[in-house]
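The values are calculated or read from the model by the stated rules, or taken from the named source; none is laboratory data. From a predicted model like this one, the values you see are computed outputs, not experimental measurements. Don't worry about glycine lacking a Cβ; one is built from the backbone with ideal geometry, like all the others, and counts go over all protein chains shown. Note: accessible area is taken over every heavy atom of the protein model, side chains too, but ligands, DNA and RNA are not part of it. Shrake-Rupley method; radii C 1.70, N 1.55, O 1.52, S 1.80 Å.
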Amino acid sequence: MSAAAARRRKQKALKAAQEAEAAASGDGSSDPVILRLNSLLTADNATDESVAYEALQLAQSQVRRLVKTNRYAEATDLAYATSLTLLEKAGRVSVSSQLLAVLVEVLNETHTVCSGEWTGRMETLDKAYRDALERDDTMEKDERVRLGRLHVQFLRKALKWSTDLGTVRLGDLKLHELLGRQCWRMATQLSAAGDGGATTDEDEMEEEAAAEYDDELDEESCHGLRCDAVTHLSLAELPAALAECLATLPAPTAEEITMGHLCPPAERDSLLTRAILVMVAVENLRDANTLLSSYATDIESREPAELTKSYMNKQDKIAPAHVVFNAMLLRVCEKDAKTGPLYSWMLRSFNHELSRMYKPDLVKSYTTKIGRVYFDIQPPPSMMNMMENMMSMMGGGAGAGGAGGINPAMMQAAMNAAAGGGVLIF
């Protein structure tokens with residue numbers, strides 16, 4: 001063996017011994033990188049940007065080294081602990097956001113199971129992140145918005161991790177709640193700051209059609225963020241939180257409730273319908289009924305009797321009320337599969353409203369799922385465009401002209417079903 005080969009062999013043996021010693025110590029107390037990192041995080045000047053950035057670099061390199069040596073639990077624990085310290089003690093949100101991105105990436109790479117402990121950790125990080133942002137009163141508006149959006153991205157990735165490696169099919173309920181509340185906060189912040197808030201829903205729909213629902217546009221859209229918020233809060237099974245959010249929005253305008261209106265439906269109404277459709281699609285009729293009852297009692301300002309009468313009267317030039325449609329939907333879904341034709345007719349008569357909602361293709365996927373689950377209405381088995389064509393035919397292609405071919409007998413049957421033999425829902 002040559003002298004060079006002997007040196008390389010000795011160096012490899014020494015490195016292996018050092019790694020074994022560090023693994024045996026458990027906390028990495030003998031590792032100079034960990035010692036330096038701990039020193040930076042506990043220093044009196046830990047709030048300095050240069051100190052926080054050096055801590056970030058050390059933590060990132062150490063996390064990657066731990067992953068490479070198959071010490072997965074240590075890697076994720078280090079990323080979590082360092083991120084939390086950077087937020088709580090240093091108050092460096094921008095620096096911590098970079099390490100949070102590494103954390104969720106490593107959780108996926110190492111196939112770490114989404115447990116109750118990790119869900120609690122995500123909730124702790126979320127609170128620390130928002131508190132650190134709140135404490136910094138010197139931050140520019142644009143930077144605050146940027147960091148808020150980064151937090152939305154982090155929570156989305158964390159939710160996907162919980163879907164892939166958790167026990168709940170659609171993702172952990174607590175992570176749905178965290179993401180939903182953050183999306184609503186961001187929409188409120190953008191609207192109050194005039195960043196995206198001055199754009200009308202109609203303008204947004206035109207831009208979305210041109211951009212094919214580009215992800216970056218969704219981040220800029222207040223309405224898009226609110227749609228994401230109600231979707232995730234619905235999946236989090238929080239009807240009370242949804243009602244609180246909807247109560248902050250204005251009532252429909254005269255233009256928005258005119259039959260055949262060219263503008264999108266009123267935001268408050270369309271968000272209610274989106275939330276109800278999501279809940280019904282995942283077979284959560286309990287919370288859907290709770291939300292609708294709360295909305296009709298505490299939020300809807302129009303008289304229930306007038307809304308019900310108007311829904312049946314197509315000569316008054318008033319668009320079908322969302323709250324009445326949702327009431328009929330819930331009552332019909334509580335019946336048996338024989339009411340499938342009635343459900344199909346309801347979609348046709350309400351097609352103009354549904355087709356003008358944000359991301360109508362996604363709305364169609366909800367109604368298709370409802371038809372399949374409750375009424376055994378099977379969509380075409382393969383191509384998505386085949387499904388959309390079928391749903392377009394079910395909608396009657398009504399367009400701006402209104403409901404198109406309303407059957408009075410079907411209308412009366414729907415109202416009877418909604419009433420359930422008594423008062424509608426109100």
Residue check, residue 277 modelled with pLDDT of 95 or more, aliphatic (A, V, I, L, M) and part of a helix (DSSP H, G or I): yes
Test: residue in the range 134-141 that is aliphatic (A, V, I, L, M) and either modelled with pLDDT under 95 or in contact with a strand residue (DSSP E or B) (Cβ under 8 Å, 6 or more places away or on another chain) (or both): yes
Unmet criterion (only one of (1) over 21 Å from residue 358 (Cβ atoms); (2) buried (at least 17 other Cβ atoms within 10 Å of the Cβ); (3) free of Cβ contacts under 8 Å to residues at least 40 places away in the same chain) for residue 254: (2)
Hey, residue 175 in contact with a Ser or Thr (Cβ under 9 Å, 6 or more places away or on another chain), more than 21 Å from residue 46 (Cβ to Cβ) and open to solvent by less than 20 Å² (accessible area, probe 1.4 Å) or not: yes
Positions within the range 85-114 being modelled with pLDDT under 95 and outside any helix (DSSP H, G or I), in sequence order: 91, 92
Every residue from the range 267-326 that is free of Cβ contacts under 8 Å to residues at least 40 places away in the same chain and under 19 Å from the mean Cα position of the chain (by Cα): 268
Residues of the range 32-47 classified as of a type outside the set (S, T, N, Q), open to solvent by less than 70 Å² (accessible area, probe 1.4 Å) and without any contact (Cβ under 8 Å) to a residue 12 or more places away in the chain, total: 1
Residue 287, sole failed condition from (1) buried (at least 18 other Cβ atoms within 10 Å of the Cβ); (2) modelled with pLDDT under 95: (2)
Any chance residue 146 is open to solvent by 90 Å² or more (accessible area, probe 1.4 Å) and charged (D, E, K, R): yes
Test: residue in the range 320-330 that is open to solvent by less than 10 Å² (accessible area, probe 1.4 Å), part of a helix (DSSP H, G or I) and more than 24 Å from residue 232 (Cα to Cα): no
Check on residue 75, more than 17 Å from residue 164 (Cβ to Cβ) and crowded, with 16+ Cβ neighbours inside 10 Å: yes
Some residue of the range 269-276 being out of contact with any Asp or Glu (no Cβ under 6 Å at 6 or more places or on another chain) and open to solvent by 40 Å² or more (accessible area, probe 1.4 Å): no
Lone unmet requirement of (1) crowded, with 17+ Cβ neighbours inside 10 Å; (2) among the charged types (D, E, K, R); (3) within 18 Å of the chain's Cα centre (by Cα) for residue 123: (1)
Count of the range 238-251 residues which are assigned to a loop (DSSP other than H, G, I, E, B) and surrounded by fewer than 17 Cβ atoms within 10 Å (Cβ to Cβ): 5
Filtered residue count, the range 341-364, keeping only those that are open to solvent by less than 40 Å² (accessible area, probe 1.4 Å) and either of a type in the set (Ser, Thr, Tyr) or in contact (Cβ under 8 Å) with a residue 12 or more places away in the chain (or both): 15
Residue 171 at positive phi and either touching a residue at least 40 places away in the same chain (Cβ under 8 Å) or assigned to a loop (DSSP other than H, G, I, E, B) (or both): yes
